[in-house]
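A short reminder: the numbers here are calculations on the coordinates, not readings from a lab. Predicted model only: the values in this text are computed from it and were never measured. Heads up, the Cβs are rebuilt from the backbone with ideal geometry, glycines too, and the neighbour counts pull from every protein chain shown.
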Amino acid sequence: MTTPLFLLRCVQLGLSIGELDLLTIGLVNDMYVESRNDEHKYAVVATQKDMDLF
């Protein structure tokens, strides 16, 4: 990952420079991946019963 791409990801997540002092590069990457997963529509979503059986 390049510095410009990292900074772009930070802007897309709405992170400030001050917040970056508290975060690692890996954590920012994980936050970005999870933010993209939020937009995905899953065909099947587990219920509480499914989790209990698991």
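Got a sec? Which helices (runs of 4 or more DSSP H) wholly within region 12-54 have at least 1 residues that are over 16 Å from the mean Cα position of the chain (by Cα)?
Where helices (runs of 4 or more DSSP H) fall fully within region 12-54 and carry at least 1 residues being over 16 Å from the mean Cα position of the chain (by Cα), they are 17-20, 48-53.
I'd like the full set of residues that are assigned to a helix (DSSP H, G or I) and either touching a helix residue (DSSP H, G or I) at 6+ places or on another chain (Cβ under 6 Å) or of a type outside the set (A, V, I, L, M) (or both), limited to region 2-11.
Thr3, Pro4, Phe6, Arg9, Cys10
Which residue pairs have Cβ atoms under 8 Å apart, sit 6 or more places apart or on different chains, and have a first residue in region 9-21 that is in contact (Cβ under 8 Å) with a residue 12 or more places away in the chain and a second that is hydrophobic (A, V, I, L, M, F, W, C)?
Pairs that qualify, where the first residue is in contact (Cβ under 8 Å) with a residue 12 or more places away in the chain and the partner is hydrophobic (A, V, I, L, M, F, W, C), are Arg9/Val28; Cys10/Leu20; Cys10/Val28; Leu13/Val28; Leu13/Met31; Leu15/Leu23; Leu15/Val28.
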